[in-house]
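Take a look at the structure below.
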Amino acid sequence: MNSQDCIFCKIINKEISAKIIKENNTVIVIEDIFPKAPVHYLVIPKKHIVNLSTITSLDKELVWHMIEIIKELANDLPDPKAFNTLSNNGKEAGQSVFHMHWHFISGRNIVEGEF
Ligand code: AMP
Ligand code: ZN
C-alpha cells in the first residue's frame, strides 16, 4: 500500500475526519475508532512509515517526537497516570493499518486481560 491509499495519511491530510487529541508538525494523535479501553489513542507520525521494521536512523528525531507526545498524554491522565503503549508490526501480529503507530491505552489492564 502506498501513502495515497493509506487511511492514516488521509486523516493527516484532513481528507477524512477523526477525533484529534493532539497535533504538531511531526505527529498526530487521534482517538481509535473502535476503542478497546477507556482511553485508546493512536500516536501516528505524519511521515508515512510502514512499521517499526522499516524505520531507519534517519527518523531518530521523529521517534523522539512520538515519545514526547506520549509523555504529554501520560501527564494529562488522572492519577496514577498508568498506561500502555503497543505497536503491532506485521499482519500476523495484528497490524491492520500499514502506517506506523503506537496505541496509547489507559484505564484497562491489557496485560492480565486480553487486548
Ligand atoms: P493496528 O491493527 O495495530 O494496525 O491498529 C489500527 C487501529 O486503527 C485499529 O485499532 C483501528 O480500530 C484503528 N482505526 C482504523 N481506522 C480508523 C479511523 N478511520 N479512525 C480512527 N481509528 C481507526
Ligand atoms: Zn500513511
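Values quoted throughout were computed directly from the atomic coordinates according to the rules given, and no laboratory measurement underlies them. From a predicted model like this one, the values you see are computed outputs, not experimental measurements. Glycine gets a Cβ as well: all are built from the backbone with ideal geometry, and neighbour counts include every protein chain shown.
Tabulated data
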item: Of residues in the stretch 96-109 being more than 12 Å from the chain's Cα centre (by Cα) and surrounded by 15 or more Cβ atoms within 10 Å (Cβ to Cβ), the one nearest to ligand 2 (Cβ to nearest atom); result: S106
item: Enumeration of residues in the stretch 1-16 that are part of a loop (DSSP other than H, G, I, E, B) and loosely packed, with under 13 Cβ neighbours inside 10 Å; result: M1, N2, N13, K14, E15, I16
item: Candidate set: the stretch 73-89, residues that are away from ligand 2 (no atom under 16 Å from the Cβ) and under 21 Å from I49 (Cβ atoms); chosen: the one surrounded by the most Cβ atoms within 10 Å (Cβ to Cβ); result: L73
item: Selection status of F104, in a strand (DSSP E or B) and in contact (Cβ under 8 Å) with a residue 60 or more places away in the chain; result: yes
